[in-house]
1. Please specify each residue of region 333-347 satisfying the condition of being more than 12 Å from the chain's Cα centre (by Cα) and either in contact (Cβ under 8 Å) with a residue 40 or more places away in the chain or part of a loop (DSSP other than H, G, I, E, B) (or both).
2. Of the residues Ala431, Ala394, Ala411, Ala390, only one is closer than 18 Å to Leu317 by Cα, in a helix (DSSP H, G or I), of a type outside the set (Phe, Trp, Tyr) and modelled with pLDDT under 90; which?
3. Exactly one of these conditions fails for Leu262: (1) within 15 Å of Val170 (Cβ to Cβ); (2) modelled with pLDDT under 95; (3) surrounded by 20 or more Cβ atoms within 10 Å (Cβ to Cβ); (4) not charged (D, E, K, R). Give me its number.
4. Identify, from the list Asp48, Asp34, Asp53, the residue that is over 19 Å from Leu110 (Cβ atoms) and either acidic (Asp, Glu) or touching a Ser or Thr at 6+ places or on another chain (Cβ under 8 Å) (or both).
5. Under the condition of being part of a helix (DSSP H, G or I) and of a type in the set (A, V, I, L, M, F, W, C), which residue from region 260-280 is farthest from Gly179 (Cα to Cα)?
6. How many of the residues making up region 80-103 are surrounded by fewer than 19 Cβ atoms within 10 Å (Cβ to Cβ), under 27 Å from Leu24 (Cα atoms) and touching a residue at least 24 places away in the same chain (Cβ under 8 Å)?
7. Can you tell me which condition Glu266 does not meet? The list is (1) without any contact (Cβ under 8 Å) to a residue 60 or more places away in the chain; (2) out of contact with any Ser or Thr (no Cβ under 6 Å at 6 or more places or on another chain), and all the others hold.
8. Please go through region 250-259 and pick out each residue that is of a type in the set (A, V, I, L, M, F, W, C) and either within 15 Å of Ala168 (Cα to Cα) or not in a helix (DSSP H, G or I) (or both).
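The values are calculated or read from the model by the stated rules, or taken from the named source; none is laboratory data. These numbers were taken from a predicted model, which means no experiment stands behind them. Heads up, the Cβs are rebuilt from the backbone with ideal geometry, glycines too, and the neighbour counts pull from every protein chain shown.
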Amino acid sequence: MKRSILIVDDEKNIRNGLAMAMELEGYETLTAEDGAEAWSLMGKKDVDLVITDLRMPNLSGEQLLQKINSAYPRLPVIILTGHGTIETAVDAMRKGAIDFFTKPVELDRLSLVVKKALSTTDLYAEHERLKAEVATLKARNRYDRIVGKSQKMVSLMETVAQVAPTRASVLITGESGVGKELVADAIHELSNRSKGPFIKVHCAALSASLLESELFGHEKGSFTGAVSQKKGRFELADGGTIFLDEIGEIDAATQVKLLRVLQEKEFERVGGEKSITVDVRVVCATNRDLLKEIEKGNFREDLYYRLNVVHFDVPPLRERKDDIPLLMTTFLTQFNQENDKKIEGFSNGAKKALLSYEWPGNIRELRNSIESAVVLSRSSVIEADDLPPAIRLADNSAQLSLDVGITLAEAEKQLIMSTLVMSGGNKTKAAEILGIGRKTLHRKLQEYQIDQE
């Protein structure tokens, strides 16, 4: 659909000339000879951008700008002015105009400003659309902290909803940063135990002796420093859920004790003799391959099967790239609020970089990258340059920048050289990428005297 531009000027020649110039750029135009006529037109027609003179009869450009800002705060307005009213035009920009032009208008620059303004409007509209889509997804799901519409995530959340009300132990696997803890949260929130405690233990953060005490508690005097009795995490989780993150890190002795809890629902505190019975659902997570750990003798096979009653494998972000725009929007909204920013969206270059990157750190890395970009951005749009270097440079090997003004022969030479580098010097592969025969490539190499060593 063509974009519509409203041109307002009491000078007919200027009005019609600008309309003709904008139509040559592919826009539809509406014209008005003063602010009053323009305002009336805006009530009847859809307008994407307004170009208006400042000094006009009936309703001035300043008054029209004020009305537009009040009724259509997102509508971009460009001011036209004579040399004698530049101060007024600058004041109009303070009041919401996006730019001003002195007459006679420089059409090339006007075209660029119009294009950029409409692009920014599109970015804001896309951001709002994605926000609405995120809100719809959250309203549809009973658990709203996991954002995703990809088939893998939809399927995972459907299974979570099915498994959550049961008593089954759950093992969650996946790479670091994919959101395993959020899946555990969802299982608890959607379960019949949601009103009970949800206790989290990061097993890798504790030594073997400390982990046993942390999980099962200890009696006074059971070891140096045990100055009083302490309840363990299993006792604290009675009637609820315990989440054991990085379960693959626990030592052999603690594995034996954990197996007993799963089998018999009871344990003793460190240094204690009295058995304590608990009703706890166990949810575990790991980024290790536990079957390989079993082969190495690092993990008990019987414990593995007790934990792995239901298995969720959370996909890495590179396998669910459909979800990246929704996650970008979610994090942008969050960090706008936290940092009192008003960033409206992502430039095409930034979006391309974010979608091209493979995200080895998964959602955690994406979240941190968006936070960094929001903090560093100096405009209303996040540009590729605002992103961390690893992300914005990720697909540089597949890009070629050419300076304007070089000959076609020089451009072809650079393209051939870059393609050879990308294909590792493989001429057959380079010829296939370029869409030419191998003989043609050899002829071009000789013609441009490209050194193949």
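1. Asn339, Asp340, Lys341, Lys342, Ile343, Glu344, Ser347
2. Every option except Ala390 fails the conditions.
3. Of everything listed in (1) within 15 Å of Val170 (Cβ to Cβ); (2) modelled with pLDDT under 95; (3) surrounded by 20 or more Cβ atoms within 10 Å (Cβ to Cβ); (4) not charged (D, E, K, R), Leu262 misses just condition (3).
4. None of the others qualify; the one that does is Asp34.
5. If we take residues in region 260-280 being part of a helix (DSSP H, G or I) and of a type in the set (A, V, I, L, M, F, W, C), then Val261 is farthest from Gly179 (Cα to Cα).
6. 2
7. (2)
8. Those that are of a type in the set (A, V, I, L, M, F, W, C) and either within 15 Å of Ala168 (Cα to Cα) or not in a helix (DSSP H, G or I) (or both): Ile250, Leu259.
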